[in-house]
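Here's the structure we're looking at; comments come further down.
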Amino acid sequence: MESTMKEMRDGVSVLDLDPKSTVGGGVEDVYGEDRATEDQLVTPWTFSVASGYSLLRDPQHNKGLAFTQNERDSHYLRGLLPPAVVNQELQERKLMNSIRQYQVPLQKYVAMMDLQERNQRLFYKLLVDNVEELLPVVYTPTVGEACQKYGSIFRRPQGLYISLNEKGKILEVLKNWPERSIQVIVVTDGERILGLGDLGCQGMGIPVGKLALYTALGGLRPSSCLPVTIDVGTNNEELLNNEFYIGLRQRRATGKEYSELLHEFMTAVKQNYGEKVLVQFEDFANHNAFDLLAKYGTTHLVFNDDIQGTASVVLAGVVAALNLIGGSLNEHKFLFLGAGTGIAELIALEVSKRTKVPLEETRKKIWLVDSKGLIVSSRKDSLQHFKQPWAHEHEPVKDLLSAVKAIKPTVLIGSSGVGRTFTKEVIEAVSSYNEKPLILALSNPTSQSECTAEEAYTWSEGRAIFASGSPFDPFEYNGKVYVSGQANNAYIFPGFGLGLVISGAIRVHDDMLLAASEALAGQVSKENYDMGLIYPPFSNIRKISAQIAASVAAKAYELGLATRLPRPADLFKYAESCMYTPNYRSYR
Ligand SMILES: NC(=O)C1=CN([C@@H]2O[C@H](COP(=O)(O)OP(=O)(O)OC[C@H]3O[C@@H](n4cnc5c(N)ncnc54)[C@H](OP(=O)(O)O)[C@@H]3O)[C@@H](O)[C@H]2O)C=CC1
Ligand SMILES: CC(=O)C(=O)O
Ligand SMILES: [Mg+2]
């Protein structure tokens, strides 16, 4: 074992980086499974040593036809498998072939979920090696449809369901989950699933999908990830009347009943998993999201992906885009359709840091439109508190087109959850006074995108710099092929979470979001810019995540928020060395 512990990865000994840590190569890799080389023997274990039929039914250790003859002998598998022995690469090729046969995206999703339940390492191998092809399957847009139909496709529990029925027993419920060393929890209450609205308990597809990306894109080990859905009911009448609905059949609990359940959950999480477990809030409606973040931000390690992760990814895209559209950040004027994310605040903060101009001033170049029109000072008294800083002096403006004409933004960002709101008139208007308008249509899934790539390029006569929350195929216009990027928080949260975990951070700080953003923007190459891209390709995501993790961890150490000491000298190499790899291990 000693020699294993000294295992060199990328020329760096894990223990040399962090001599006193018990962590070694792999985030909390206490059993040395990731540290082992691929031809080194490890024990397949559940609570006892798995063998025979139960080994084939154990997704963490099942290798299907890849079990060698020796393994078949020593693990009582003879006769349970046909004679052929195939390696993981061939299994991967076979599965990719069969997934590509499906024409319907939801069939691909179900095939991937089946694989995850059958053979976890193969699932992650497919996802890591084919990330650009499979991201739209396990994540947006397909995960949206999967949530809408979750009641019909539900097979086995993939996470914990905590409903009002479990009030007073949440700690016990957490103990029912088979894994003990949890490092990241993604939790939703299902009220705002992508731009599809209230999907109640069926929102579970989102934490499951996000955590699959935590492992595939950020290298967190699957056993350390816990998807949770808090079920306080749903206001979605269609679901309430659907015989296949899997959640509580009641309207949403609010007020004291809601906050007491959430509080019990947050308390139980800390009690069961300790101070350093990361709780990522996902797809809560913004009337709860901002309050939960403020309430638990000072007592727990919490991160709201939709508010903070989205802010970080968009800031990165905007900073990168300056190379294409020109000017410095403080010279640009921003108009948002939708007031539910934290993007505006993070941009204002970054401008304030760069220019030393107070935040109250830098906010003035950022304008927000919500469902009632432009947010202006005369509306201040009736605005939710998180909108109030954006209520600038201006006469009332009712709709987006009028707001574009009045404000003349250089950057137009959609996060309204409402599709086709960047109309021809809106894009023509923003393109009429900008040589290269920056247009970001963030809303997911594809059906809710504020415009398509085709519309953005056609209506701007090929001048827009465009990215969207869900992917669009390249589009040819006037003989030129336009490739648009994906402005999605999936670039940020996996690396961000990894950075928190490897540094043992106990709180999230805005400066970490800025650091993550800078790290991401720094990964855009000249080749990407030449194609009009403001994000690097997802095919490099593990390296990007390691860069983000290193920057976030460095900031955690700098701010005194890191507890894993001593600080590894090379945080990038350390982050890489901690990443879960999905290749099969050999069993003794
Ligand atoms: N690409 C990415 O990484 C991310 C994308 N998103 C996407 O952003 C969208 C919104 O998310 P989120 O902000 O959390 O959702 P919310 O529902 O909390 O907020 C939506 C905002 O849009 C406004 N709005 C809704 N309809 C209109 C309309 N017709 N005209 C003008 N404004 C409107 C709402 O106004 P009011 O406040 O008045 O109700 C609200 O401010 C979703 O589709 C989600 O998928 C979210 C996070 C990350
Ligand atoms: C991407 C994401 O988090 C959302 O659309 O909600
Ligand atoms: Mg989300």
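Values as computed for the structure displayed
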| item | result |
| --- | --- |
| Only one of Glu345, Glu282 that is of a type outside the set (Phe, Trp, Tyr) and touching an Asp or Glu at 6+ places or on another chain (Cβ under 6 Å) | Glu282 |
| Glu260 vs. criteria among the charged types (D, E, K, R) and farther than 19 Å from Met512 by Cα | yes |
| Selection from segment 115-129 of residues that are under 24 Å from Ser539 (Cα atoms) and in a helix (DSSP H, G or I) | Leu115, Gln116, Gln120, Arg121, Leu122, Phe123, Tyr124, Lys125, Leu126, Leu127, Val128, Asp129 |
| Elements of type helices (runs of 4 or more DSSP H) in segment 472-541, at least 3 residues being within 16 Å of ligand 3 (Cβ to nearest atom) and crowded, with 23+ Cβ neighbours inside 10 Å | 493-503 |
| Unique match (being farther than 22 Å from Asn304 by Cα, of a type outside the set (S, T, N, Q) and assigned to a loop (DSSP other than H, G, I, E, B)) among Glu179, Glu238, Glu172 | Glu179 |
| Whichever residue in segment 266-300 is open to solvent by less than 10 Å² (accessible area, probe 1.4 Å) and farther than 19 Å from Leu199 by Cβ and, among such residues, is farthest from ligand 2 (Cβ to nearest atom) | Ala268 |
| Enumeration of residues in segment 214-235 that are farther than 15 Å from Arg249 by Cβ and either assigned by the TED database to the domain that holds Ala546 or outside any helix (DSSP H, G or I) (or both) | Gly219, Leu220, Arg221, Cys225, Leu226, Pro227, Val228, Thr229, Ile230 |
| So Val318, is it of a type outside the set (D, E, K, R), in the same structural domain as Arg363 (by the TED database), under 22 Å from the mean Cα position of the chain (by Cα) and within 14 Å of ligand 3 (Cβ to nearest atom) | no |
| Any hit, segment 222-231, residues being more than 22 Å from the chain's Cα centre (by Cα) and not polar (S, T, N, Q) | no |
| Those residues of segment 436-445 which are in contact with a Lys or Arg (Cβ under 8 Å, 6 or more places away or on another chain) and either within 16 Å of ligand 3 (Cβ to nearest atom) or open to solvent by less than 10 Å² (accessible area, probe 1.4 Å) (or both), in sequence order | Pro437 |
| Residue in segment 132-152 that is farthest from ligand 2 (Cβ to nearest atom), counting only those that are of a type outside the set (Ser, Thr, Tyr) and farther than 28 Å from Tyr258 by Cβ | Glu133 |
| Criterion (more than 20 Å from the chain's Cα centre (by Cα) and either in contact (Cβ under 8 Å) with a residue 24 or more places away in the chain or within 16 Å of ligand 1 (Cβ to nearest atom) (or both)) met by exactly one of Gly297, Gly326, Gly342 | Gly326 |
| Odd one out for Ser431, checked against (1) closer than 30 Å to Ala575 by Cβ; (2) in contact with a Lys or Arg (Cβ under 9 Å, 6 or more places away or on another chain); (3) more than 16 Å from ligand 2 (Cβ to nearest atom) | (1) |
| Pairs, first within 14 Å of ligand 1 (Cβ to nearest atom) in segment 197-214, second outside any helix (DSSP H, G or I) and of a type in the set (Ser, Thr, Tyr), C-beta under 6 Å, six or more apart | Asp198/Thr234; Gly203/Thr188; Gly203/Thr229; Ile206/Thr188; Gly209/Tyr139 |
| Among the residues listed as Glu71, Glu132, Glu145, Glu92, the single one being part of a helix (DSSP H, G or I), of a type in the set (Asp, Glu) and open to solvent by 70 Å² or more (accessible area, probe 1.4 Å) | Glu132 |
| Every residue from segment 384-414 that is closer than 22 Å to Ile307 by Cα, within 12 Å of ligand 1 (Cβ to nearest atom) and touching a Lys or Arg at 6+ places or on another chain (Cβ under 9 Å) | Lys387, Trp390 |
| Matching residues in segment 446-464 - criterion: being open to solvent by less than 10 Å² (accessible area, probe 1.4 Å) and either among the acidic types (Asp, Glu) or not in a helix (DSSP H, G or I) (or both) | Ser449, Glu450, Cys451, Ser460, Ala464 |
| Search result, residues across segment 411-435 that are assigned to a loop (DSSP other than H, G, I, E, B) and surrounded by fewer than 23 Cβ atoms within 10 Å (Cβ to Cβ) | Gly417, Val418, Gly419, Arg420, Thr421, Thr423, Tyr433, Asn434, Glu435 |
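Results for (1) open to solvent by less than 40 Å² (accessible area, probe 1.4 Å); (2) more than 18 Å from Phe303 (Cα to Cα), shown as yes or no for each residue.
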position	(1), (2)
Tyr150	yes, yes
Asn165	no, yes
Ile185	yes, no
Leu194	yes, no
Gly200	yes, yes
Thr215	yes, no
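Yes/no per residue for (1) assigned by the TED database to the domain that holds Ala321; (2) within 16 Å of ligand 1 (Cβ to nearest atom); (3) on the phi > 0 side of the Ramachandran plot; (4) at pLDDT 95 or above:
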{"site": "Phe472", "(1), (2), (3), (4)": "yes, yes, no, yes"}
{"site": "Val483", "(1), (2), (3), (4)": "yes, no, no, yes"}
{"site": "Val501", "(1), (2), (3), (4)": "no, no, no, yes"}
{"site": "Gly504", "(1), (2), (3), (4)": "no, no, yes, yes"}
{"site": "Leu513", "(1), (2), (3), (4)": "no, yes, no, yes"}
{"site": "Glu518", "(1), (2), (3), (4)": "no, no, no, yes"}
{"site": "Ala521", "(1), (2), (3), (4)": "no, yes, no, yes"}
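The values are calculated or read from the model by the stated rules, or taken from the named source; none is laboratory data. Model, not experiment: these values are computed from the prediction. So basically every Cβ, Gly included, is an ideal-geometry build from the backbone, and we count neighbours across all protein chains shown. SASA here: full protein model, heavy atoms, side chains in, ligands and nucleic acids out. Shrake-Rupley method; radii C 1.70, N 1.55, O 1.52, S 1.80 Å.
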